[in-house]
1. May I ask you to verify whether Gln27 is closer than 30 Å to Lys105 by Cβ and either surrounded by 14 or more Cβ atoms within 10 Å (Cβ to Cβ) or in contact with a Gly (Cβ under 9 Å, 6 or more places away or on another chain) (or both)?
2. Considering the stretch 57-99 alone, what residues qualify as being crowded, with 17+ Cβ neighbours inside 10 Å, of a type in the set (Gly, Ala, Ser) and either farther than 17 Å from Ala28 by Cα or within 18 Å of the chain's Cα centre (by Cα) (or both)?
3. Output the number of the condition that Leu95 fails; it satisfies all remaining conditions of (1) without any contact (Cβ under 8 Å) to a residue 40 or more places away in the chain; (2) in contact with a helix residue (DSSP H, G or I) (Cβ under 6 Å, 6 or more places away or on another chain).
4. Condition test on Leu14, is it modelled with pLDDT under 95, crowded, with 18+ Cβ neighbours inside 10 Å and assigned to a helix (DSSP H, G or I)?
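The values are calculated or read from the model by the stated rules, or taken from the named source; none is laboratory data. These numbers come from a predicted model, not from an experiment. Here Cβ is always computed from backbone atoms with ideal geometry, including for glycine, and neighbour counts include all displayed protein chains.
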Amino acid sequence: MEDQGQRKSYDQLLMESFVELAAKMAQAQGMGQAEFARLVWPESSPRVASYRWQSMRTKVRNTGKPQGVLISDAHRMSVALKQDLAYMFLLAKDLATKKEEAALKDKNKTANPVTARKNRIPASTAKRAKPAQK
């Protein structure tokens, strides 16, 4: 079993990918982050809505992870972006799968000593340290 501290679980990757996708779509539609947050949570004050959206995009102080995304919040985001929720989940799933595959490649690259040796700069071409001049 893999160490959960080193590798993010797929559900965490999917959630982060969905938030990343929503942020990109909002930006592509010319919305600022605060404007998007106000559209998603109109019942909250603009400050609270912005803080909530910021908490989903960055690591929170006390947990070290972004705030989780509820399905109701994901639905509100899709409505604000005028996109189908299922379509957004499909795109986020594709993005999360690519991230997971890249993480596995990186892990395999560092775990395989043969590959690590191949990527090393040969000593003959490496820059040699010059002795300090007095």
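1. no
2. Scanning the stretch 57-99 gives Ala74, Ala92, Ala96.
3. (1)
4. yes
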